Structure formats: C-alpha cells, structure tokens
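Sharing a structure here in structure tokens format.
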There are 2 protein chains.
Amino acid sequence: MVHKVTIVGGGSWGSALSVIVGESVERKKHLFDTSVKLWLLREEVNGEDLAELINRQHENVKYLPGIQLPKNIIASSDIALCVGDADILIMAVPQQFLAKTCENIVGKIKPTAIAVTTIKGIEVDEKGKMCVSSVIIQKILNIPVAALNGANIAPEVAEKHFCEATIGVQREQDGQLLKQVFNIPTFHVNVVRDLQTVEYCGALKNVVACAAGLVDGLKFGTNTKSAVIRIGFLEMINFIKQFVGEPSMDTFHESCGIADLIATCFSGRNRKVCEAFVNGGRTIEELEKELLGGQKLQGPYTAAQIYVALERRGLVDKYPLITTVHKICSQQWEPKMLIEILCSQK
Amino acid sequence: MVHKVTIVGGGSWGSALSVIVGESVERKKHLFDTSVKLWLLREEVNGEDLAELINRQHENVKYLPGIQLPKNIIASSDIALCVGDADILIMAVPQQFLAKTCENIVGKIKPTAIAVTTIKGIEVDEKGKMCVSSVIIQKILNIPVAALNGANIAPEVAEKHFCEATIGVQREQDGQLLKQVFNIPTFHVNVVRDLQTVEYCGALKNVVACAAGLVDGLKFGTNTKSAVIRIGFLEMINFIKQFVGEPSMDTFHESCGIADLIATCFSGRNRKVCEAFVNGGRTIEELEKELLGGQKLQGPYTAAQIYVALERRGLVDKYPLITTVHKICSQQWEPKMLIEILCSQK
C-alpha cells in the first residue's frame, strides 16, 4: 500500500516544498502515490482561479513565480478533497491561520494520518504557557506530528540548490517514512527524536536574525555579527533547556540548529527588515508591509512573546540578546543599545 | 610587580592586536607595565626604518595603514631588547617563520615568561605526527604556552568593533592573567582549559572556508553554504576527537569554534581566493599572490597536510569535505565536484 501525501498551504514555502516532494515521491513509487495534492486558499489571479492556473501552467504565478512545479503536483482549494485520503499531511500555512486550518480539516482526515509541520513560531498564552505549531496540530487533529526545519530559504529550495533539513519526530517509527517524503540528492534529511528542539530552534533563530540585522544596519562587521550569532545560539540552547525540556545537544548541530541560524542571519527577512529599521524613520510594522510583500515577520513577535515568559520567571538578565531585540524592535531602546549591551556583559 | 607584555610580530595581525593590548594594559596599570613592545623584522618604507616610522606616526603604514596605534606601543627590530624583560610574549609571526623566530629568542627570555600564540596552522611531519604552533613554541622555548583564537578579522579588531575571542590554556593559573592582557569592553575574552581544541579549530576552519568560497564561486546560495559550514563544523569536531584528544564540547561553542568559523566563511581570505579559483584560469598560488598582497593562504595547505594524515589512517571517507577541498585546490578535481560529493553523501 502506497502512502498519499498532501501539502496544506500553497504560499511560497508550500510551493517550494512541492518541488522537493513532487520529485521525491516520483523517485519512490513503491512507497508513495505519485500524485501530491497542494491545498491553497481560493483566490483569483487575473480573473482565473489560482489552483486551476497552477494545474495548467505548473507554476504558482502569485507566490513562487518563475519556478516550474512538478507535473504530479495537483493544486486544489477543496480542503476535504485534499486531506480526505492523505496519509501524510505537510502543514505549510502561515502560523496565524494554523488553528483555523486545523479546525477546518478535523473530522475530514484519515484517523491513521500523520502530520509534518513546517511552521515556525512560538505563542505564549496569558498563563505563560508556550505553544508551538505541533502542539496546536496535535490538540485539534489528535494525530502524531513531526516537524521539518533546516537551512531552507524558500527560493533556493525551489531551485534545487543542495541543502539539508532536519525532521524531529516523537515516534521512532515515523522517522524513516517521513524522511523518504522529502529526501532527494539535493535535499538531504536527517531524522532526530527531538521534536521540540527542532521546532523551538526554528522559532528562536528569527530573534537572533533580528540582532544580526541590527548589527548590519549599525554598520558593524563580521566579527560583531559572528559574536551576536554565537551569543544568540547559546541563548537558544539555554532557553530550550530551561523552558522546553532536555534537548539532545546533537540536535543543535543539525541543519535545524546552527545551519538554519546561519542562513537566517545572512539571508532571511528578519535580518533584512531589522537592518532597514536601524536606518530609521519607519516602524517594524511599516517595514514589514513595505519590504515583504504580504509575508509576516516572525522575529520581533517571537521576541515579544519570549520576553513575557522571561519576565514572568525573572530571567530577563539571563537572556540579554533576546531581551535587547525585543526592547529595540518595540522602540523602547535605540538600536545602538545592542552594541552597548554586548560591550557591558560580564 | 607589574607584568611586561611584548608582541612578537608586527604584520597586520600583530599590529591589530597591539590596538587591543595597548588599551587593555593602559586600563590595568595595577597589573601591567603600560609600555608594550612590538617586535618586527627590520625593513625600510620610503627610505625610513619601519619601527621608527611606527614610533613617530603611531601607525603601521605598511601592514595596517589608516589605523592609529596606541601611543604606549613601542616598535623595535631589536629582538633581544623586545623579549628580554617580557613576562608575557604574544606570538604573532607568520607560521612559516615561527620556528626561526623562537630559535632567535631562546636564551634571551626570562625563564618565568609565558607565551600566547595567535598563529593558526597545522604541520604534519613524515611520520604523520601533527604539530601546531604551541608545540613548536614549547619545544624550542620550554615555557608554558596558551593560544588566543576567535572571530577576529584583523581590520575590524583594529577598528575596535565589538568582538569576542577565546584563550585556551594548559595551566589554570595562567587563564585569568592572560585574559586581562586582552579583555576590554570591545574585545571580550573567555578562557577555556582546552588549549588544543582552541588551536586546532583555528587551523581547521580555514579548510571549511575554502569550501564556502567554492560554493560562492559556483554561485550556489545561502542554503548550500550553511550546509557546507555545518558539515565542515562536524568534520572539525570529529577530527579533533579522533586525532587530538578529548575536547570539551563547549569549546566548539566559544568564539574560537563556531563564531570564528562563521566569520572566516563569510569574510576571510580563504573564502575569497577559493571563490576566484572557481572562476578559472589561475592556480591557488597565482591567486594568493594576486589577491592577498603578500599574505599567505592557510586553507589549501592545511587541507593537504590533513589529507596526508587521513590517508595514512585510512580515514579519507570519513572526511568528505576536507578531502574534497584538498582534491579541488590541488587541481585533481573540478570545483563542481564539491556539489556532486555533497549530493552523493549517505
């Protein structure tokens, strides 16, 4: 019996992933149904339904223009049709739509289905309890969840430049199958049994990337930026140890850890917006609208969420970099405070 | 009794360090003699002795032009005068001149002196025995040796942009004093009792930076480069475990580890030369002469040295990245083989 795969979310990231998954299942006909469904919100582009346009042109002209999607990717805005017979659900919607999307598909999926989340973000509720996407998915859908994360800037993934990714699983038996969903020569996947570390790294690295962008905006060089990345990396490790549970230290050396951090600090959108923020005159929200064309910025939001958790536990002093990113992005401190805080440590 | 500090080597790196050390001793008059000697080879610039020029203009016009050196840095080409009363010798000569320099000063130094090497490189002798600068210094001078290493691109250090560094010591008691030689608000030093890891990281990172430069030359993006840095980082860790001794894993998260690796892979000269190498027509040696203005390139040489050690122990397969850098830089393989090797792993 072959497994059916569906990608839930047809933005730039879901579409980039479809390039990898489309090739992967085609290479492994003994394991997978070679047709992969791609669910996306109904919308029109130049008077035509986007899903129909994708199926005709094999290109997501709105969210991933210029990239040929594999012919075995079948786009649809019919959620029941997309998820109903799927054995593996790859979740790639923006974080703010995740709960609603899960509520739309609950009851429509196979009870044996498993989910892989590719969504990065942390929410902290009023009681200080933290929540990542796998928790939301599991709570609403009540199925096993894994997480994919790595040094995966979407356009480069879509162009099949060599890269790596990490899948964190809860259950040993899901690992090898999920690896096969994605693993191709240009996209290498390692599996670790450390779901939470994989997910939290994906969210926390965006905060560090904000600091890296501030360094760039302040016109400091590679030494300062490397120091900021290192200090941020240690704060990520400590945060996960202190708030999440016992991580395997090896997970931080996987693609989801140090490699994703490096990629995001040199090429991600958090870096870009925070660099522009230093140059002044506009808030993070204004720059987000101006520079990102509708994509959401996770770093400042995640920093604010974490700051709440740190304050509640009296741990602000232990996380100077995360704290400083929050204070600067929320305009409580000037950007140059980042350097002052760094120089004043110890 | 205050300690006297001498910097042995007045190239760009020794001169950049003098900016830090000059400020540091000035801030700590209770610990250090505020006059710091800087030894350099006798040479003339525009008909004037370089040491005299430095002492008059407080600028090393030949090797670090445009940077004001502290007034308490006293340059001289008289080696006996420079090292004779020094309690702390900071070694900053190019690796190929280290043994000769040590032979020149043996017998002229205080028996209680200690050395800090800032020289990065590995030599492998005919029997496959590896040797780093601290070993050479200790063998010839027979004094305790520590090593300074970190994300320290010389011009940025000289401009006092915030950065970090690591000192690896053999003897606990040297750590705090040596930290004080360098530690100022813009140059943060951590001490670890793991001399060898600090030194080997400094040499091995140049090999990984060659791979990063090849990725840039091949026009691959951040995902591929981050993957190469990650894979290289793991090969560095494994190499040190297998060939050097039991490292503390924390040392790899110090500035001498991951931060220096990142800085070198994005801004170092090994990266630059290997990027140009891909674009063809010239050997590494030709590019070294053309692009580096007399500075030596360590990465390809270190890769060749390590390859000998790997072959001897039958371990070439375990280090695909180091091996590939050696094969490409020595023109046995085409640059694009790097990507093929990456894609074919596992």
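Confirm whether A:ILE20 is modelled with pLDDT of 95 or more and either among the polar types (S, T, N, Q) or under 23 Å from A:ASN149 (Cβ atoms) (or both). Write out each step before concluding.
Working: modelled with pLDDT of 95 or more: yes; either among the polar types (S, T, N, Q) or under 23 Å from A:ASN149 (Cβ atoms) (or both): yes.
Taking the combined requirement at face value, the residue satisfies it.
Are there helices (runs of 4 or more DSSP H) fully within segment A:230-346 with at least 1 residues that are out of contact with any helix residue (DSSP H, G or I) (no Cβ under 8 Å at 6 or more places or on another chain) and over 26 Å from B:GLU235 (Cβ atoms)? List them. Explain how you work it out, then say what you get.
Details: elements: A:260-267, A:269-278, A:284-292, A:299-312, A:320-329, A:337-344.
Answer list for segment A:230-346: A:284-292, A:299-312, A:337-344.
Are any residues in segment B:248-261 surrounded by fewer than 21 Cβ atoms within 10 Å (Cβ to Cβ) and more than 11 Å from chain A (Cβ to nearest Cβ), and if so, which ones?
B:SER248
Just a yes or no: is a residue in segment A:225-239 more than 14 Å from chain B (Cβ to nearest Cβ) and of a type outside the set (S, T, N, Q)?
Pass one, segment A:225-239, residues more than 14 Å from chain B (Cβ to nearest Cβ): A:239.
When the remaining residues are screened for being of a type outside the set (S, T, N, Q), the result is A:239.
Yes, some residue in segment A:225-239 is more than 14 Å from chain B (Cβ to nearest Cβ) and of a type outside the set (S, T, N, Q).
I'd like the full set of residues that are among the charged types (D, E, K, R) and more than 9 Å from every other protein chain (Cβ to nearest Cβ), limited to segment B:159-174.
Correct list: B:LYS160, B:ARG171, B:GLU172, B:ASP174.
Step by step: first the residues of segment B:129-145, then only those that are assigned to a loop (DSSP other than H, G, I, E, B) and open to solvent by 20 Å² or more (accessible area, probe 1.4 Å), then the one that is modelled with the lowest pLDDT. Which residue is that?
For segment B:129-145, the residue satisfying everything is B:LYS129.
Out of A:ILE284, A:ILE258, A:ILE328, which single residue is within 24 Å of A:SER226 (Cα to Cα), without any contact (Cβ under 8 Å) to a residue 60 or more places away in the chain and touching a Pro at 6+ places or on another chain (Cβ under 6 Å)?
On inspection, the qualifying residue turns out to be A:ILE284.
When A:VAL244 is evaluated against the numbered criteria (1) within 19 Å of the chain's Cα centre (by Cα); (2) over 29 Å from A:LEU177 (Cβ atoms); (3) away from every other protein chain (no Cβ under 12 Å), which criterion, by number, is the only one it fails?
It fails just one condition, (2).
Moving on to the next point. Could you list all residues from segment A:180-234 that are surrounded by fewer than 22 Cβ atoms within 10 Å (Cβ to Cβ), touching a residue at least 12 places away in the same chain (Cβ under 8 Å) and among the charged types (D, E, K, R)?
Passing the criteria: A:ARG193, A:ASP216.
Follow-up. Which members of segment B:146-173 meet the condition of being modelled with pLDDT under 95 and more than 16 Å from B:SER267 (Cα to Cα)?
Scanning segment B:146-173 gives B:GLN170, B:ARG171, B:GLU172, B:GLN173.
Determine which single condition A:THR197 fails, assuming it passes every other condition in (1) in contact with a helix residue (DSSP H, G or I) (Cβ under 8 Å, 6 or more places away or on another chain); (2) facing another protein chain (nearest Cβ under 10 Å).
Answer for A:THR197: the failing condition is (2).
For residues that are within 12 Å of chain A (Cβ to nearest Cβ) and open to solvent by 30 Å² or more (accessible area, probe 1.4 Å), scanning just segment B:310-342, find the one that is nearest to B:VAL215 (Cα to Cα).
Per the stated criteria, the residue is B:LYS336.
Continuing with this model, one more query. Among the numbered criteria (1) among the hydrophobic types (A, V, I, L, M, F, W, C); (2) assigned by the TED database to the domain that holds A:GLY281; (3) surrounded by fewer than 24 Cβ atoms within 10 Å (Cβ to Cβ), which single criterion is violated by A:LEU177?
With respect to (1) among the hydrophobic types (A, V, I, L, M, F, W, C); (2) assigned by the TED database to the domain that holds A:GLY281; (3) surrounded by fewer than 24 Cβ atoms within 10 Å (Cβ to Cβ), A:LEU177 is out only on (2).
A:THR112 - would you say it is open to solvent by 30 Å² or more (accessible area, probe 1.4 Å) and in the same structural domain as A:LEU17 (by the TED database)?
Against the criterion (open to solvent by 30 Å² or more (accessible area, probe 1.4 Å) and in the same structural domain as A:LEU17 (by the TED database)), A:THR112 qualifies.
The values are calculated or read from the model by the stated rules, or taken from the named source; none is laboratory data. Since the structure is predicted, the reported quantities are computational estimates derived from the model, not experimental observations. Note: ideal-geometry Cβ built from the backbone for every residue, glycine included; neighbour counts use all protein chains shown. Quick note on the areas: whole protein, heavy atoms, side chains included, nothing else; ligands and nucleic acids left out. Shrake-Rupley method; radii C 1.70, N 1.55, O 1.52, S 1.80 Å.
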